[in-house]
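Okay, structure first, notes after.
A short reminder: the numbers here are calculations on the coordinates, not readings from a lab. Quick caveat, the model's predicted, so the values are computed rather than measured. Here the Cβ positions follow ideal geometry from the backbone for every residue, glycine too, while neighbour counts run over all protein chains shown.
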Amino acid sequence: MIRLQDLRLKLASPAGEVNILQGIDLVVEPGETLAVVGPSGSGKSTMMMVIAGLERPTSGLVTVAGRDLAGLDEDGLALFRRQNIGIVFQSFHLISTMSALENVAVPLELARRPGARAVASEMLGRVGLGGRQAHYPGQLSGGEQQRVALARAFVARPRLLLADEPTGNLDQATGQAVIDLLFSLHRELGATLLLITHDPVLAGRCGRTVHLADGRLSAVPEAVL
């Protein structure tokens, strides 16, 4: 599902070029669950953005679902994401002027799928928000907002789900419920899951864990988790 070969990313800064990713090699198989751990500023979120086609690498190969992302322009990348990738962020990224139902329906409407509202309504029911569909993000708790974000990420049945610290803004009990839901949807829909987290317990729920530090990737033995 994901193949990274000698992936490198350099960004300019007032102090000069900064090496964010330094020769990343990674293969993630279809249906796999992979946790990416490491200190803040190590490049985890940047690597996820590259995999999603939201950031262009300086060099190296990035293939997702068999497509070389370097061969796609911005419109092609947007279409590819819409058809293949769901993304969940720590800060929810819901559209404040849209209801929960409208937020979840957006990916389907952009893809011009028939019955987008009905499918979105069904998905909100599956994440336990059947009675909150007309509510706006500001009327929902943090846990409810993240459930809407999960419904939006899964509604188009993506082949790959990318989750960046999805419980970082939630209390422990609410975060646990959201993670249980995330893994339940993953199993139900068969999506590949790449999860960025600082939580070793959460990482331990994934089939495999890798460690990213100073822009370099290494495997994490099971005994460490």
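The value of relative contact order for the chain, using C-alpha pairs under 8 Å at least six residues apart, is 29 percent. Counting Cα-Cα pairs of the range 2-224 in 5 Å increments starting at 0 gives whole-percent bin shares of 1, 7, 15, 18, 19, 16, 12, 8, 3, 1, 0. Under 5 Å from the amide H of G38 lie the amide H atoms of L212, each residue being 5 or more positions distant or on a separate chain, with H modelled from the backbone and absent for Pro and chain starts. Each DSSP beta bridge with both residues in the range 2-224 is either parallel or antiparallel, and the antiparallel ones are about 55%. Dividing the summed -39500 (n - 2.57) terms of all DSSP H runs of n ≥ 4 by the residue count of the chain sets its mean residue ellipticity at 222 nm at -10500 deg cm²/dmol. Between 0 and 90 degrees, the angle of helix 116-126 with respect to the longest Cα principal axis of the chain falls at about 80 degrees.
Dipole size in debye (nearest 20) for the chain around its Cα centre, Lys and Arg Cβ +1, Asp and Glu Cβ -1? If you can, show how the numbers build up before the last one.
On the way: 21 positive and 22 negative charges, 100 e Å.
Value, rounded to 20: 480 debye.
Entry for the range 82-166 at q = 0.19, 0.26 Å⁻¹: log10 I(q)/I(0) = -0.74, -1.38, Debye formula applied to identical alpha-carbon scatterers, no solvent contribution. Descending by average beta-carbon neighbour count within 10 Å, the peptides 145-153, 5-13, 188-196 line up as 145-153, 188-196, 5-13, the highest first.
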